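*Asks:* I am attaching a structure below and will ask some questions about it afterwards.
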Amino acid sequence: MLTLHFDGALQQLLPRKYRSKERVDYPLARRASIKDIIESLHIPHTEVWAMTVGDKELSFSHVPGAGEKISLHTFPNGVDVTQPTFLRPTPLPEAAFSVDINVGRLARLLRMAGLDAWYDPQLTEKELADQSAAHGRILLSRNRDLLQRKCITWGRLVRAEMPEQQLTEIISLYGLHRHIAPFSRCLECNALLQSVDKSAIVDRLEPLTRKYYHRFKRCPGCDRIYWQGSHHHRMQKIITRLTTHA
Ligand SMILES: [Zn+2]
């Protein structure tokens with residue numbers, strides 16, 4: 001028998017019969033790594049920040065012996081993915097995301113906040129996993145099987161159900177309040193916007209936009225024109241809330 005202590009947020013991901021228990025007694029029927037064991041309980045390895053026996057940290061390949069007592073810790077808020085950890089010794093150059101179709105609306109909100117969110121609903125699960133890993137992107141999904149794929153190191157099982165709350169969840173988890181930069185990224189294709197002189201695009205503007213707005217940006221990817229007023233009022237409020245709570 002092996003004893004597993006899951007901390008609060010991880011405990012909530014356990015199968016219902018274990019959810020109210022402080023510890024899970026796990027029968028060791030075969031030789032298995034701790035990663036296989038936690039994923040047999042349907043908790044993706046992406047959700048585990050650290051695993052410890054006493055003061056000693058464990059890697060995912062650790063094969064527990066009978067009688068071992070292992071504590072499993074959830075991600076704290078404000079994780080800096082550019083710093084190595086014992087479990088993830090190769091950090092990411094920055095917090096950039098790829099967004100699964102089951103949280104698709106989150107992609108647009110992340111972009112509205114100026115965060116790098118790659119989204120391609122045409123990809124298969126395997127392609128999405130492979131691309132996320134190859135490009136060093138954090139995979140955001142509500143699909144546990146996808147996050148359990150071997151190639152994935154960085155991912156997040158998105159807990160919130162509503163897109164706005166999902167955005168708050170991701171910004172808090174990865175401590176991105178200071179990275180929020182509205183009006184900097186294309187909502188449609190994720191490219192970084194470039195400033196453009198009004199005179200260069202004035203013939204493409206509606207009369208009222210032409211009259212009331214003076215600062216414009218253009219997407220080098222899809223040629224869309226953006227101006228401050230083009231952002232949805234609701235989003236402005238979300239961004240204000242996020243930045244004032246930083
Ligand atoms: Zn674009």
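*Asks:* Identify all residues within segment 199-208 that are of a type in the set (A, V, I, L, M) and within 16 Å of the ligand (Cβ to nearest atom); write none if there are none.
*Replies:* Kept after step one, since they are of a type in the set (A, V, I, L, M), are these residues of segment 199-208: 200-202, 205, 208.
Passing the criteria: only I201.
*Asks:* Further question on the same structure: State yes or no: is V196 within 16 Å of the ligand (Cβ to nearest atom) and either touching a residue at least 24 places away in the same chain (Cβ under 8 Å) or closer than 27 Å to W227 by Cα (or both)?
*Replies:* Values: within 16 Å of the ligand (Cβ to nearest atom): yes; either touching a residue at least 24 places away in the same chain (Cβ under 8 Å) or closer than 27 Å to W227 by Cα (or both): yes.
It is true that V196 is within 16 Å of the ligand (Cβ to nearest atom) and either touching a residue at least 24 places away in the same chain (Cβ under 8 Å) or closer than 27 Å to W227 by Cα (or both).
*Asks:* Restricted to segment 164-184, and to residues that are more than 15 Å from the ligand (Cβ to nearest atom) and hydrophobic (A, V, I, L, M, F, W, C), which residue is farthest from the chain's Cα centre (by Cα)?
*Replies:* A181
*Asks:* Going residue by residue through segment 116-133, is there one that turns out to be assigned by TED's automatic domain parsing to the domain that holds M162, of a type in the set (S, T, N, Q) and within 10 Å of the chain's Cα centre (by Cα)?
*Replies:* Applying the first criterion (assigned by TED's automatic domain parsing to the domain that holds M162) to segment 116-133 yields 116-133.
Next, from what is left, pick out any that are of a type in the set (S, T, N, Q): 122, 124, 131-132.
Still in the list and also within 10 Å of the chain's Cα centre (by Cα): none.
No, the conditions are met nowhere in segment 116-133.
*Asks:* Considering segment 216-228 alone, what residues qualify as being more than 11 Å from the ligand (Cβ to nearest atom) and in contact with a helix residue (DSSP H, G or I) (Cβ under 6 Å, 6 or more places away or on another chain)? Please lay out each step first, then the result.
*Replies:* Taking segment 216-228 first, the residues more than 11 Å from the ligand (Cβ to nearest atom) are 216, 227-228.
Selection gives F216 alone.
*Asks:* Just one of (1) in contact with a helix residue (DSSP H, G or I) (Cβ under 9 Å, 6 or more places away or on another chain); (2) closer than 23 Å to S132 by Cβ; (3) surrounded by fewer than 18 Cβ atoms within 10 Å (Cβ to Cβ) trips up T82, so point out which.
*Replies:* Among (1) in contact with a helix residue (DSSP H, G or I) (Cβ under 9 Å, 6 or more places away or on another chain); (2) closer than 23 Å to S132 by Cβ; (3) surrounded by fewer than 18 Cβ atoms within 10 Å (Cβ to Cβ), the lone unmet condition for T82 is (1).
*Asks:* All but one of (1) assigned to a loop (DSSP other than H, G, I, E, B); (2) modelled with pLDDT under 95; (3) over 19 Å from the mean Cα position of the chain (by Cα); (4) not basic (K, R) hold for L187, so report the exception by its number.
*Replies:* Among (1) assigned to a loop (DSSP other than H, G, I, E, B); (2) modelled with pLDDT under 95; (3) over 19 Å from the mean Cα position of the chain (by Cα); (4) not basic (K, R), L187 violates only (3).
Listed here are the residues, each with its yes/no results for (1) in contact (Cβ under 8 Å) with a residue 12 or more places away in the chain; (2) of a type outside the set (D, E); (3) within 18 Å of C151 (Cα to Cα).
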| residue | (1), (2), (3) |
| --- | --- |
| R19 | no, yes, no |
| P27 | yes, yes, no |
| R31 | yes, yes, no |
| S40 | no, yes, yes |
| A96 | yes, yes, yes |
| L109 | yes, yes, no |
| L115 | yes, yes, no |
| Y119 | yes, yes, no |
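The values are calculated or read from the model by the stated rules, or taken from the named source; none is laboratory data. Since we're looking at a predicted model, the values are computed, not measured. As a convention, Cβ positions derive from the backbone with ideal geometry for all residues, glycine included, and neighbour counts pool all protein chains shown.
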